[in-house]
Amino acid sequence: MTRYRFLVAAAAAAVLVAVTSSRPALRTTPLGQNDVTITLSNPAYHPRLAVPDFLVADDDKAELGGAATAIADVLWNDLDFEREFYLIGRKVSARVPLAPADALPADRWTALGADAVIVGTLVRTGNDMAVEIRAISVKGDDAGHQFFGVRYSHCKPDDVRPCAHQIADDFHKQVRGLDGVARTKLAFVSDRDGGRLAGRPGRVASKEIYWSDYDGANETRFTSNGSINMSPAWSPDNRHLAYVSWMNGPPDIFVADLRKPGRKPDRPGDGNVSVQDWSPAWSPDGKHIAFASTRSGNLDVWVADADGDHAMNLTNNPASDGAPTWSPDGTQIAFTSDRGGENELYIMSASGTGLTKLVAQQVDRPAWSSLGFIAFTVGTGPGHDIAIWDFNNPGVKVLTDGVGTNEDPAIAPNGRHIAFDTTRWGRHQIAIIDRAGGGLRQITTTGNNQFPSWGPMPKE
């Protein structure tokens, strides 16, 4: 019996950079008692927040002044991204003199429309710094009262982004009761540094895998094998990255252990070059990978252990079945199939039973959200758009409105945002929208960038 395995690898001829930093974990300490909470009679109202530059002692301004501005900039952007608050512009906030939490000029802030002000203070602690955060109400009977107060230790003055990201996620969790994504990462495919592929006619560029912070900062090259790499997929524990590569010939699925850089891939057990494996998708528990494969002679949806063992054909149909994605609870798999004539969306149990057609129109690359919808690429005349099927309000809703070609949706771990590939700015770039189609942000700017994959929340 022919036996196939995924190629467990760091990546052949690759440059690997660990996702997690070696810096000590940030330590948090409550600052006083929060004596007021934000309560909203109208849930649609977004409190108006100001995030001025952080305070620095006079003796530390030369060293920490830049960090005070930078961390406030990043925090403002992170809070603005989730669209749970109305953020007063940073230039507008600069009209009010900086002041500690117990001396805020409430009238000045309310004149700018603020409901509350986030006051940050940087304190030198050896080679690191601590960041003290207090959110103070400046409006009505609650003026002067604190509703968020935390001290963050082990922040790096020359790298404030991790600290700002954690503050933002903590703030969203405590104040709004939701998970933010400021500490997550995006993986994607890019030809920005690609050279001509060896043995290929014309000027076909190699495509490598990169990752960045969720907002596009800190772009880092992952693979460097001079081949075509695509379809990155993060494991739920943030320790592995599965992807498809032509580095050994036909497309194979590789599983990179991000904790063990430099290890070369194992070769396939039988040297079979006729099989093509595509579109890896991790189960929510990280124990299995669903994928599309030609192992049965045509393209079917398969599932295997995370190392490639115990592979099982789930669809076993003469049609072309592919692009699997798991339901958040791991009990179902959505996929595309042309068994009805065009490439439509189906769901089935994780064991391959209970097949149901969900969307009877041309779709591709579904992604299942924890908030009860599936995003996918849908054909809209001459181009493609991002659309969703909401189980609570069945029907196809197009989110991107026909501007450019929009493909390859990836869902944020909190289910609230969708990353995708778009040509609306000319070349293929990664962008993000919210689940309603608003809040458009461009993430990449260099080269052609495709196949985004949104990483999980980091483990505490």
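The values are calculated or read from the model by the stated rules, or taken from the named source; none is laboratory data. This structure is a prediction, so every number in the text was calculated from the model and none was measured. Glycine also receives a Cβ, built like all others from the backbone with ideal geometry; neighbour counts cover every protein chain displayed.
If I ask for residues that are part of a helix (DSSP H, G or I) and charged (D, E, K, R), which ones from segment 44-78 would you list?
Passing the criteria: D58, D59, D60, K61, E63, D73, D78.
Is there a residue in segment 127-139 that is at positive phi and either among the basic types (K, R) or surrounded by fewer than 16 Cβ atoms within 10 Å (Cβ to Cβ) (or both)?
The answer is no, given that none of the residues of segment 127-139 is at positive phi and either among the basic types (K, R) or surrounded by fewer than 16 Cβ atoms within 10 Å (Cβ to Cβ) (or both).
On the basis of being part of a strand (DSSP E or B), in contact (Cβ under 8 Å) with a residue 24 or more places away in the chain and within 30 Å of A106 (Cβ to Cβ), does V175 make the cut?
Spelling it out, it is not the case that V175 is part of a strand (DSSP E or B), in contact (Cβ under 8 Å) with a residue 24 or more places away in the chain and within 30 Å of A106 (Cβ to Cβ).
Picking from W425, W389, which residue would you name as being over 20 Å from S327 (Cβ atoms) and aromatic (F, W, Y)?
After applying the criteria, what remains is W425.
Could you grab me the full set of residues in segment 309-340 that are more than 21 Å from S453 (Cβ to Cβ), among the aliphatic types (A, V, I, L, M) and either surrounded by 17 or more Cβ atoms within 10 Å (Cβ to Cβ) or not assigned by TED's automatic domain parsing to the domain that holds W278 (or both)?
Matches in segment 309-340: A311, L314.
For segment 144-181, give me each residue that is buried (at least 17 other Cβ atoms within 10 Å of the Cβ), of a type in the set (A, V, I, L, M, F, W, C) and more than 15 Å from L49 (Cβ to Cβ).
Result: V150, C155, V160, C163, V181.
Tally up the residues in segment 79-131 that are in a helix (DSSP H, G or I) and either free of Cβ contacts under 8 Å to residues at least 12 places away in the same chain or out of contact with any strand residue (DSSP E or B) (no Cβ under 7 Å at 6 or more places or on another chain) (or both), please.
Going through segment 79-131 one residue at a time, the tally reaches 13.
If we only count strands (runs of 3 or more DSSP E) wholly inside segment 345-425, which ones have 2 or more residues that are in contact with a Leu (Cβ under 9 Å, 6 or more places away or on another chain) and either surrounded by 15 or more Cβ atoms within 10 Å (Cβ to Cβ) or free of Cβ contacts under 8 Å to residues at least 40 places away in the same chain (or both)?
So the answer is 356-359, 363-368, 373-380, 383-390, 406-411, 417-422.
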